[in-house]
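Okay, so here's the structure we're looking at.
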Amino acid sequence: MTNYLRALSFLTVMPLPFIRFSSDSRELSNAAVYFPLAGATLGLFFAAAAWLLLHFFPPGPVAVMALILSFLLTRGLHFDGLADTADGLIGTTDREKAFKAMSDSSVGVMGAGSVFLVYLLKYTLLAELGYLYLVVALFFMPLAGRWAIVYVGTWFNPAREQGLGDLFLRGMRWPILFKASLLTAVLFFVFAWWYSHLVIPAIIGCLLAIAFAHLLSFYASRRLGGITGDILGASSELGELFFLLGFYFALQHSASAEFMAKAVSYFAFGF
């Protein structure tokens, strides 16, 4: 229970003053087991808010309000990581210049443009999904993003020995990813009791989120010699986007979605 609350405290603005973090990397990495559950908790807030708002507004405005709620409840933590990652990896070609751009508190052109385009596409996909699908997507979207953080944190090494990203990555081990994935599978199983026909689209979305987060982190690792906290944040934001792309695709093309699920699962997990 303590590690779940640590995950909520780290990933959200939920007031948990009795939760403390020390300099021990194991505390944060052990909390990573519950990152998908913390994402699902956020998703429950987003889905409940959307369900209520859809009684008064069409899907378009509700999608915007859900994204605003996401930004407020997470302090823009991963939003900032996406902007810094774009400034570092797109705006520069040199390793040291990339680190400098990513540590700069100001947002560059690449960062601002990337955030705008990512959120524009998120909004468009959510608005196109419609009523029930919009609520379901908002539940799974943050789960997929936080699961992607655990996945890439396990696969890749830190690029440098400083910062919160290094503290997190230093303690990540394969059993943590296994437990986080097992917990995610339990959440899918529970969800299947109510909406079994939407489980496959949700799984496809999550697998696509994992696959793209892997590609991003692989590229960053080649450029920087590892990944940083900003890369983890960008993996979450882009994981959410690619979850929506996979979810939308699966709803529109059910036959192609089954093939896509097998291909992405093989790429991400080797089976």
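Observations
- Leu207 more than 24 Å from Asp80 (Cβ to Cβ) and surrounded by 24 or more Cβ atoms within 10 Å (Cβ to Cβ): yes
- Every pair of residues 6+ apart whose Cβ atoms lie under 8 Å, when the first sits in the range 55-80 and is under 18 Å from Tyr133 (Cα atoms) while the second is small (Gly, Ala, Ser) and not in a helix (DSSP H, G or I): Pro59/Gly130
- Met14 passes every criterion in (1) under 25 Å from Lys179 (Cα atoms); (2) in a helix (DSSP H, G or I) apart from (2).
- In the range 186-215, the residues that are aliphatic (A, V, I, L, M) and under 15 Å from Ile149 (Cα atoms): Leu207, Leu208, Ala209, Ile210, Ala211, Ala213, Leu215
- So Tyr131, is it surrounded by fewer than 19 Cβ atoms within 10 Å (Cβ to Cβ) and in contact with a Pro (Cβ under 7 Å, 6 or more places away or on another chain): yes
- Qualifying residue in the range 172-183 (condition: in contact with a strand residue (DSSP E or B) (Cβ under 8 Å, 6 or more places away or on another chain) and either crowded, with 22+ Cβ neighbours inside 10 Å or among the polar types (S, T, N, Q) (or both)): no
- Hits in the range 190-204 (condition: in contact (Cβ under 8 Å) with a residue 24 or more places away in the chain, under 16 Å from Phe249 (Cβ atoms) and surrounded by fewer than 21 Cβ atoms within 10 Å (Cβ to Cβ)): Leu198, Ile200
- Residue match in the range 218-229 (condition: modelled with pLDDT of 95 or more, of a type in the set (A, V, I, L, M, F, W, C) and surrounded by 24 or more Cβ atoms within 10 Å (Cβ to Cβ)): no
The values are calculated or read from the model by the stated rules, or taken from the named source; none is laboratory data. All figures in this text were calculated on a predicted structure; none of them were measured in a lab. Cβ: placed from backbone, ideal geometry, glycine included. Neighbour counts: every protein chain shown.
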